[in-house]
Amino acid sequence: MHQITVGDLVVDVVRKEIKNLHLAVYPPDGRVRVAAPLLVDDEAVRLAVIARLAWIRRQQGKFAQQERQSARELVSGESHYFQGRRYLLNVDYRAGAPGVVVRNNTTLDLFVRPGSDRAQRERVLLTWYRRQLKLLIPPLAARWQMIIGVEVAEWRVRQMKTRWGACNPDARRIWLNLELIKKPPSCIEYIVVHEMVHLLERRHNVQFIAHMDRFLPQWRLLRDELNRAPLGHATWAY
């Protein structure tokens with residue numbers, strides 16, 4: 001990847017073995033990224049950016065107006081999200097096994113050993129988040145494999161900086177971003193369907209969109225909900 005400048009815009013340019021040029025604007029700060037075919041030169045990329053400059057500015061304006069979450073310190077009183085709901089964190093230092101309990105649909109009780117530092121508190125919460133997301137995958141996978149007519153060989157959960165999900169069609173392996181557990185279940189389902197459709201069509205082309213329209217007609221609304229504020233201090237667009 002390298003960068004070019006278009007006016008006051010710094011544009012990330014990535015060349016791939018693709019047929020068409022793709023331009024995207026990412027939250028939280030409106031970073032502009034262009035995926036270009038191998039033979040498309042920087043001047044052609046620059047012209048494409050100029051042609052869509054008004055759209056880029058609109059997207060950046062939307063992101064600028066969104067509410068943000070600051071980096072979490074994992075202390076009592078902070079807001080944390082789980083399946084689309086906001087909870088207040090209550091850190092309880094006590095002997096015994098660390099863990100997390102949802103209390104009264106308002107509070108996340110984080111049980112940690114006395115003296116646990118921020119990294120240790122975060123590890124306990126992320127382990128619980130990972131377990132919860134993995135519990136949601138099997139029923140979604142079973143349902144949508146039947147509907148779409150594909151079979152996923154393996155599901156994995158990992159933290160990703162720029163994607164909500166990823167698919168390796170050759171290995172029939174799908175990854176889901178751990179941050180999805182903070183989003184409503186319908187948004188998680190949208191990403192599951194999105195990645196499974198990549199087993200039918202690798203690229204985000206007309207055929208891919210037609211599949212999404214057929215299997216999940218409301219996918220655009222779910223995509224917008226997925227990327228709506230409040231977002232974390234590291235954020236994604238899809």
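The values are calculated or read from the model by the stated rules, or taken from the named source; none is laboratory data. Just so you know, these numbers come straight off a predicted model, no measurement behind them. Cβ: placed from backbone, ideal geometry, glycine included. Neighbour counts: every protein chain shown.
Below, the figures for the structure above:
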quantity	calculated
Within region 74-98, tally of residues that are in a loop (DSSP other than H, G, I, E, B) and either basic (K, R) or surrounded by 11 or more Cβ atoms within 10 Å (Cβ to Cβ) (or both)	8
Count of residues meeting criterion [closer than 15 Å to V75 by Cβ and assigned to a strand (DSSP E or B)] in region 101-117	6
Members of region 209-222 that are part of a helix (DSSP H, G or I) and either exposed (fewer than 14 other Cβ atoms within 10 Å of the Cβ) or in contact with a Leu (Cβ under 8 Å, 6 or more places away or on another chain) (or both)	A210, H211, D213, R214, R220, L221, L222
Matching residues in region 126-157 - criterion: being of a type in the set (F, W, Y) and in a strand (DSSP E or B)	W155
Among the candidates I209, I181, residue that is hydrophobic (A, V, I, L, M, F, W, C) and at pLDDT 95 or above	I181
Matching residues in region 158-180 - criterion: being over 10 Å from the mean Cα position of the chain (by Cα) and either in a helix (DSSP H, G or I) or basic (K, R) (or both)	R158, R172, R173
The listed residue being among the hydroxyl-bearing types (S, T, Y) and touching a residue at least 60 places away in the same chain (Cβ under 8 Å), out of Y87, Y81	Y81
Scope region 10-29; condition under 19 Å from the mean Cα position of the chain (by Cα) and surrounded by 11 or more Cβ atoms within 10 Å (Cβ to Cβ); matching residues	H22, L23, A24, V25, Y26, P27, P28
Flag if V101 is surrounded by 13 or more Cβ atoms within 10 Å (Cβ to Cβ) and modelled with pLDDT of 95 or more	no
